[in-house]
Amino acid sequence: MSSYVTKKTPGDTSWFIHDRFGMFIHFGIFAMPARHEWIKCYELISEEKYDKYFKYFNPDLYDARHWAQMAKKAGIKYAVLTTKHHDGFCLFESKYTDYTVMNTPYGKDIVKEYVDAFKEAGLKVGLYYSLLDWHHPDFVIDLFHPRRYEENACEENKKRNMKKYAEYMRNQVTELLTNYGKIDILWFDFSYPDDPKPSTNLLNQHFWPRSWMKGKGKDDWESEKLIETIRAIQPDIIINNRTGIDQDIWTPEQTTPTEWIKHPKTNELVVWESCETMVGGSWGYNRDDTFWRPSSMLIQMLINNVSCGGNMLLNVGPTARGCFDERAEQILADFEKWMKHHGRSIYNCTMAEPEFKAPRGCRYTQSTDGKRLYLHIIEYPNGNLELENLSDKIDYAQFLHDSSEIFFSNQKTIQNGDTITEDKGKCILKVPKLRPDVAVPVIEMFLK
Ligand code: GLC
């Protein structure tokens, strides 16, 4: 059994640490400007101007079953869809606002279609819900708000009541958890409680705040009540920690850790998932962004996360017609090809036991029962690979993609005259000269 233990949390993460690979879907009316899902904030777009997207939103080619099939084929086991992003637009029917998909030309509940299709495909379903809301009249204008530069923003804020907004969130989350059956993950985004300070960070130059502006955190969201509400309806659901209160999972973004992620305060190992974009700069569909990450890099990121005991949530930003970009489809097809033969080194696998240190350019994962060790060869060696602390521990080794045998020899103590080379417990893997034609070759080792 794996010796790594994480603290028990209120929700059920047992399936989550088994499944390892999820799909993030950033969908909304921000797909129409197609320049970033934060566009309302970045370009200070007024309500009136942003309304044109609401007026014309019609993803006529949206086919949730097709999305689910693409995800499933790629080896993805769960998904998280934006039900409301920071612009406040809701992809679901809601009694508490008119600002929903039901009042756009599309006129159908996108969340319902998604939940039904993904469940039908046997995938777990998660819902993303933004704590920020740049549409709601009670959401206090702050450093990220599109109206932050307006002269009367401070006056306007006096009319706004965050308590009412927090109640609105509880009401909507209740709708999301009662109208669609079982939901596996509730993914909140995000808290920024510290008073903002002008920063030299390029991105933050957008946010020169007024002196009276503050960030927002758990007290503004009334996170405790929010979580109570959720647990009363679906006690086992996984909730991420972005409400500012520790629940089940940590969800850092765009990160490639070198070790298991630890709790920032207690230093304990945590259950974690990093979310990653396929394109460089945005989560929503961004027409002119040409910085697509190569599939091999994304596959390596998934391997790396599992090798550090975590999950990966790979993002897709569908177009406003409701389709995945062709480049996203290609990436998913590349995952399909690799996962078909290598899923065994990902699902139900975790960080290898501490005595196993992967050689240069390689990553280990290990099955949670401890019986199988997987060597992912990112830099293919010109010769053999020396594995530490594995002498006499391997029973059998093979390439994972074709189950072809890999020879190995255990290095023994060598006595040569009066010099003794000590047995360092190394094992020499005789890696074939010809690199297999797969994104990342994997050697599966059955331990004694
Ligand atoms: C950031 C962004 C947001 C995106 C999220 C995904 O917090 O605000 O646009 O949805 O990251 O993790």
Round to the nearest 10 and report in Å² the accessible area of Phe291, as given by a 1.4 Å probe over the protein chains' heavy atoms. 130 Å²
Residues with amide H under 5 Å of Trp283's amide H, sequence separation 5 or more or different chain, H placed in the peptide plane at 1.01 Å from N; which? Glu37
Compute the accessible area per residue over the chain, keeping the other protein chains in place, probe 1.4 Å, unit Å². 45 Å²
C-alpha center-to-center spacing [the stretch 77-116, the stretch 204-280] in angstrom: 22 Å
Per the rule of 0.36 nm per residue minus the C-alpha distance, extending Lys225 to Trp15 adds in nm 73.0 nm
With a 1.4 Å probe and all protein chains in place, put Arg360, Arg372, Arg35 in order of accessible area, largest first. Arg360, Arg35, Arg372
Determine ³J(HN,Hα), in whole Hz, for all residues of the stretch 260-265 in sequence, where each value follows from phi through the Karplus function 6.51 cos²θ - 1.76 cosθ + 1.60 and θ = phi - 60°; x replaces Gly and Pro. 4, 6, 10, 4, x, 9
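With +1 on each Lys and Arg Cβ and -1 on each Asp and Glu Cβ, how big is the dipole of the chain about its Cα centre, in debye rounded to the nearest 20?
It works out to roughly 260 debye.
For His401, His341, His263, give the ranking by accessible area with the largest first, probe 1.4 Å.
Sorted descending by solvent-accessible area, the residues read His341, His401, His263.
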Round to the nearest 10 and give me the degree value, 0 to 90, for the angle of helix 326-342's Cα axis relative to the longest principal axis of the chain. 30 degrees
What list of ³J(HN,Hα) couplings, whole Hz, do you get for the stretch 50-55 from phi and the Karplus terms 6.51, -1.76, 1.60, once you set θ to phi - 60° and write x for glycine and proline? 5, 4, 5, 6, 4, 5
Given the Cα-Cα distance of Ala232 and Met1 and 0.36 nm per residue of separation, how much length would full extension add, in nm? 79.8 nm
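What does the convex hull of the Cα atoms of the stretch 28-102 come to per residue, in Å³, rounded to a whole number?
Expressed per residue, the convex hull around the Cα atoms of the stretch 28-102 is 117 Å³.
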How far is helix 295-307 tilted, in degrees, relative to the longest principal axis of the Cα atoms in the chain, given as a value from 0 to 90 rounded to the nearest 10? 80 degrees
Heavy atoms only, probe 1.4 Å: what % of the accessible area of the chain goes to carbon and sulfur, would you let me know? 50 percent
Can you tell me how much longer the chain between Arg287 and Lys8 gets when fully stretched, taken as 0.36 nm per residue apart minus their C-alpha distance, in nm with one decimal? 96.2 nm
Can you give the Rg to Rh ratio for the stretch 280-433, taking only C-alpha atoms and Rh from Kirkwood? 1.10
Residue of Phe144, Phe335, Phe407 that the Gaussian network model of the chain assigns the largest fluctuation, springs spanning Cα pairs under 10 Å: Phe407
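Starting from the Kirkwood radius over alpha-carbon pairs of the stretch 212-336, derive D by Stokes-Einstein at 25 °C in a medium of 0.890 mPa s and give it in µm² s⁻¹.
Stokes-Einstein gives a translational diffusion coefficient of 146 µm²/s.
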Just name one of Thr266, Ser2, Ala34: the one whose Cα is farthest towards the positive end of the charge dipole of the chain (beta-carbon charges, Lys/Arg +1, Asp/Glu -1). Ser2
Going by accessible area, probe 1.4 Å, with all protein chains left in place, what is the ranking of Lys357, Lys340, largest first? Lys340, Lys357
May I ask which of Lys112/Lys340; Lys8/Lys357; Lys7/Lys218; Lys7/Lys371; Lys73/Lys119 have a Cα-Cα span longer than 20 Å here? Lys112/Lys340; Lys8/Lys357; Lys7/Lys218; Lys7/Lys371
Pairs of Cα atoms under 8 Å, at least six residues apart: use those to get the relative contact order of the chain, whole percent. 18 percent
Computed FRET value (nearest 0.05) for Asn58 with Ser404, which takes r as the C-beta separation and R₀ as 56 Å: 0.60
When all C-alpha to C-alpha distances in the chain are sorted into bins of 10 Å, what percent of pairs does each bin hold, rounded to whole numbers? 4, 20, 28, 24, 13, 7, 3, 1, 0
What percent antiparallel are the DSSP beta bridges of the chain, to the nearest 5? 50 percent
Modelling each spin label as a point 7 Å along the Cα-to-Cβ direction, I'd like the Glu120/His66 distance in nm, to one decimal. 1.4 nm
Taking the reciprocal of mean 1/r across every pair of different Cα atoms in the stretch 327-409, the Kirkwood radius in Å is 14.1 Å
Could you tally the net charge around Asp60, taking each other residue with its Cβ under 11 Å from the Cβ of Asp60, Lys/Arg +1 and Asp/Glu -1? +1
Roughly how tilted is helix 110-120, in degrees to the nearest 10 and between 0 and 90, from the longest Cα axis of the chain? 30 degrees
Cβ-derived FRET efficiency at R0 41 Å, Thr368 paired with Ser46, nearest 0.05: 0.20
For Lys40, go through the aspartates and glutamates and keep the ones whose alpha-carbon is under 13 Å away, minus same-chain ones fewer than eight residues off. Glu48, Asp51, Asp87, Asp133
From Cα coordinates alone, what are the radius of gyration and Dmax values for the stretch 19-68 in angstrom? 13.8, 43
Among Phe118, Val101, Gly281, the residue whose Cα sits farthest towards the positive end of the charge dipole of the chain (+1 at Cβ of Lys and Arg, -1 at Cβ of Asp and Glu, taken about the Cα centre) is Phe118
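The values are calculated or read from the model by the stated rules, or taken from the named source; none is laboratory data. As the structure is a prediction and not an experimental result, all values here were calculated from the model. Backbone-built Cβ (ideal geometry, glycine too); neighbour counts: all protein chains shown. Note: accessible area is taken over every heavy atom of the protein model, side chains too, but ligands, DNA and RNA are not part of it. Shrake-Rupley method; radii C 1.70, N 1.55, O 1.52, S 1.80 Å.
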